[in-house]
Amino acid sequence: MHFTNQEIHRLNRSMLEWYDRHHRILPWRSEPGDLPNPYHVWLSEIMLQQTTVQTVGPYFHAFLQRWPTVTDLARAELDDVLHGWQGLGYYARARNLHKCAKVVADDHNGVFPDTEEGLLKLPGIGPYTACAVAAIAFNRHASPVDGNIERVISRLFALETPLPDVKPEIKGKSSALTPSDRPGDYAQALMDLGATICTPRNPACGICPWQADCEGRKSGIAPDLPKKRKKAAKPTRVGYAFWIRREDDGRILVRRRPEKGLLGGLYEVPGSDWRDIEAPDDVMLSEAPITAKWSELEGTVGHTFTHFHLNVSVLATTLPADQADQMDGSWTTIDGLADFALPTVMKKIVRHALTYR
Ligand code: SF4
């Protein structure tokens, strides 16, 4: 479906009128119709990536108090910026923030470029942020699409193609709707509508300025949009961990994993390969770092990685010192394990293995 120019004009007008009355008050915003400080808009957009409005508020205030202008931020020590960022996560953002402030201060006299193209050249500013800052700070005819806008547009047009395939269509439709009058306020209006009315589960269509035109509402499928492509089920892998204790002093063998690959460079309780299909015991045992008499501990250790679930059985043994000392790895006390960089799955294996007497 598509809207006539007249309908688009009506949609724009009703959305801006709604914004004038119901916009959220956010610390980095100006009043509708006024242009905000580009430094504030940029700082908030970087902080808001992967983070909620509620969390960002206090950080935004603290940054402005400490570094009132982009030039102040550029002159700050990186360590101070990272410290101020603590709790927001994704520290690459803070590093890029500092880098970007330096470029704006040194190469642009402390003034942000006022176009999408110019903003895109700055460190840490991707297509979405360039588009959002161009629209909000400079009132450029740009159409940023964040998660909220994605939801509103997919519902307005009843787009049933799942994410992420539907993204280009949403971008196209959103761009075609964007007015040349107050595009920045219009973008923020859609963000606010998505955050407060066109919410993920129960959109409050009865008080939405677009209810009369919304195809998703009319066909009753709005709450199910946007659809998401089903994720493939994660496979389950299995493997053995070998808990080896030195008889004389009760120390345990750990070793460093290869630099490359999963958990690269971290320490592990020695183990077999992790396989999709259970291999016969003799194959798994052949991957033990030594031939020994093993006791299988009751139960298994479960852990979920991004791409698979893992179930590990723990085999334990106690070796006399002369045999143990021929093995590669480090022998450590149980308390001493805290000094090794053990990933979570290995900590779970250790906890499980402590039942071995
Ligand atoms: Fe969202 Fe309902 Fe408004 Fe459509 S009518 S945009 S589904 S709140």
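For the range 44-60, which residues satisfy the criterion of being surrounded by 12 or more Cβ atoms within 10 Å (Cβ to Cβ) and either in contact (Cβ under 8 Å) with a residue 12 or more places away in the chain or touching a Gly at 6+ places or on another chain (Cβ under 6 Å) (or both)?
Pass one, the range 44-60, residues surrounded by 12 or more Cβ atoms within 10 Å (Cβ to Cβ): 44-49, 51, 53, 55-57, 59-60.
Selection gives 44, 45, 46, 47, 49, 51, 53, 55, 56, 57, 59, 60.
Among the residues of the range 166-204, those that are modelled with pLDDT of 95 or more, of a type in the set (D, E, K, R) and either closer than 16 Å to residue 224 by Cα or within 24 Å of the chain's Cα centre (by Cα) (or both) comprise 167, 169, 171, 192. Residue 79 falls short on exactly one of the conditions (1) under 30 Å from residue 158 (Cα atoms); (2) surrounded by fewer than 18 Cβ atoms within 10 Å (Cβ to Cβ), and that condition is (1).
Name every residue in the range 195-225 that is assigned to a loop (DSSP other than H, G, I, E, B) and small (Gly, Ala, Ser), in order of residue number.
First, the residues of the range 195-225 that are assigned to a loop (DSSP other than H, G, I, E, B): 197-204, 208-214, 219-221, 225.
Selection gives 204, 212, 219, 220.
Just checking, does the range 96-115 include any residue being within 24 Å of the chain's Cα centre (by Cα), in the same structural domain as residue 50 (by TED's automatic domain parsing), open to solvent by 20 Å² or more (accessible area, probe 1.4 Å) and modelled with pLDDT under 95? Don't jump to the end; show me each part of the working.
Here is the first cut: in the range 96-115, the ones within 24 Å of the chain's Cα centre (by Cα) are 96-101.
Next, from what is left, pick out any that are in the same structural domain as residue 50 (by TED's automatic domain parsing): 96-101.
If we keep only those that are open to solvent by 20 Å² or more (accessible area, probe 1.4 Å) as well, we get 96, 99.
Subset that is modelled with pLDDT under 95: 96.
Yes.
Within the range 3-38, the only residue that satisfies the criterion of being exposed (fewer than 15 other Cβ atoms within 10 Å of the Cβ) and hydroxyl-bearing (Ser, Thr, Tyr) is 4. Looking only at residues of the range 37-76 that are part of a loop (DSSP other than H, G, I, E, B) and at pLDDT 95 or above, we find that the one that is nearest to residue 193 (Cα to Cα) is 37. Taking the range 265-289 as the range and being open to solvent by 30 Å² or more (accessible area, probe 1.4 Å) and assigned to a loop (DSSP other than H, G, I, E, B) as the test, the residues that pass are 266, 273, 274, 276, 277, 278, 280, 286, 287, 289. I'm told residue 259 meets every condition in (1) away from the ligand (no atom under 16 Å from the Cβ); (2) surrounded by 16 or more Cβ atoms within 10 Å (Cβ to Cβ) except one. Can you identify the failing condition by its number? The single condition residue 259 does not satisfy is (2). If only residues of the range 195-212 that are closer than 23 Å to residue 2 by Cβ and near the ligand (Cβ under 8 Å from one of its atoms) are counted, the one that is surrounded by the fewest Cβ atoms within 10 Å (Cβ to Cβ) is 211.
The values are calculated or read from the model by the stated rules, or taken from the named source; none is laboratory data. In this text the structure is predicted, and so the values were computed from the model without any measurement. With ideal geometry, Cβ positions are generated from the backbone for all residues, glycine too; neighbour counts draw on all protein chains shown. Accessible surface is based on the protein model in full, side chains and every heavy atom, while ligands, DNA and RNA are left aside. Shrake-Rupley method; radii C 1.70, N 1.55, O 1.52, S 1.80 Å.
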